[in-house]
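Everything below concerns the one structure shown next.
The values are calculated or read from the model by the stated rules, or taken from the named source; none is laboratory data. Only a predicted model underlies this, so the values are computations on that prediction, with no experimental measurement involved. Cβ sites come from the backbone with ideal geometry, for glycine too, and all protein chains shown count toward neighbours.
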Amino acid sequence: MSGTSSEDKTHRRIVSILRMLNTKSRDMEASALITRDGICTAADLRKGVNAERLAAMCATLLGLADTAVKELERGALQQVLLYGSEGILLLIQVGKHHVLAIEARPSINVGMILLDARKTAKLLASMVPNYH
């Protein structure tokens with residue numbers, strides 16, 4: 001039973017970290033911690049975003065990106081950045097099994113979001129080595 005309580009505490013802390021990340025800029029819209037196989041571990045998403053669907057789409061993107069970097073001999077995948085006319089999606093590696101997904105408006109300072117995302121990913125990596 002204490003394992004469940006410990007997992008609940010970790011989950012609450014992760015959600016708190018995601019919420020803090022989302023307040024770094026008014027252009028930040030959402031963030032989620034997902035497993036590389038497409039399971040949403042924790043999220044602070046904007047209204048109307050389905051966490052499970054986001055996690056599945058991100059896992060698909062990661063699979064394609066992994067294949068591309070291996071085929072082109074670019075080393076281990078570290079991040080994926082997608083630009084759309086209505087905003088960006090950033091995926092940053094968190095440990096071996098997780099990825100931080102961030103949604104932001106197109107007006108966001110990309111350099112700052114990358115810096116904040118990397119700091120957050122490093123913090124989360126220390127919390128999730130065995131967390132699913």
The correct count of residues that are hydrophobic (A, V, I, L, M, F, W, C), in contact with an Asp or Glu (Cβ under 7 Å, 6 or more places away or on another chain) and under 16 Å from Ser31 (Cβ atoms) in region 60-96 is 1
Checked Arg105, Arg46 against criteria (touching a Gly at 6+ places or on another chain (Cβ under 7 Å), of a type in the set (Lys, Arg) and closer than 20 Å to Leu21 by Cα); the one match is Arg105
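Confirm whether Thr120 is within 24 Å of Glu7 (Cα to Cα), in contact with a Ser or Thr (Cβ under 9 Å, 6 or more places away or on another chain) and modelled with pLDDT of 95 or more.
Details: within 24 Å of Glu7 (Cα to Cα): yes; in contact with a Ser or Thr (Cβ under 9 Å, 6 or more places away or on another chain): yes; modelled with pLDDT of 95 or more: yes.
Spelling it out, Thr120 is indeed within 24 Å of Glu7 (Cα to Cα), in contact with a Ser or Thr (Cβ under 9 Å, 6 or more places away or on another chain) and modelled with pLDDT of 95 or more.
Do we find that Leu81 is out of contact with any Pro (no Cβ under 8 Å at 6 or more places or on another chain), closer than 20 Å to Val128 by Cα and touching a residue at least 24 places away in the same chain (Cβ under 8 Å) in this structure? Reasoning before the result, please.
Values: out of contact with any Pro (no Cβ under 8 Å at 6 or more places or on another chain): yes; closer than 20 Å to Val128 by Cα: no; touching a residue at least 24 places away in the same chain (Cβ under 8 Å): yes.
Considered against the rule, which asks whether it is out of contact with any Pro (no Cβ under 8 Å at 6 or more places or on another chain), closer than 20 Å to Val128 by Cα and touching a residue at least 24 places away in the same chain (Cβ under 8 Å), Leu81 comes out as no.
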Condition set charged (D, E, K, R) and free of Cβ contacts under 8 Å to residues at least 60 places away in the same chain, scope region 97-131, selection nearest to Thr41 (Cα to Cα): answer is Lys122
Filter region 111-132 for residues that are out of contact with any Asp or Glu (no Cβ under 8 Å at 6 or more places or on another chain) and part of a loop (DSSP other than H, G, I, E, B); the one that is surrounded by the most Cβ atoms within 10 Å (Cβ to Cβ) is Val128
Of the candidates Ala68, Ala56, the one satisfying the condition of being within 14 Å of the chain's Cα centre (by Cα), of a type in the set (Gly, Ala, Ser), more than 22 Å from Asp116 (Cβ to Cβ) and at pLDDT 95 or above is Ala56
Given the conditions (1) of a type outside the set (D, E, K, R); (2) modelled with pLDDT of 95 or more; (3) farther than 21 Å from Thr10 by Cβ, every one holds for Ile34 apart from (3)
All-but-one check, Thr41 against (1) under 13 Å from Leu124 (Cα atoms); (2) modelled with pLDDT of 95 or more, failing number (2)
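Quick check on region 21-28. Is at least one of its residues over 24 Å from Gly111 (Cα atoms) and either among the acidic types (Asp, Glu) or out of contact with any strand residue (DSSP E or B) (no Cβ under 6 Å at 6 or more places or on another chain) (or both)? Even if it seems obvious, please write down each step before you answer.
As a first pass, look at region 21-28 and keep what is over 24 Å from Gly111 (Cα atoms): none.
Among the residues of region 21-28, not one is over 24 Å from Gly111 (Cα atoms) and either among the acidic types (Asp, Glu) or out of contact with any strand residue (DSSP E or B) (no Cβ under 6 Å at 6 or more places or on another chain) (or both), which makes the answer no.
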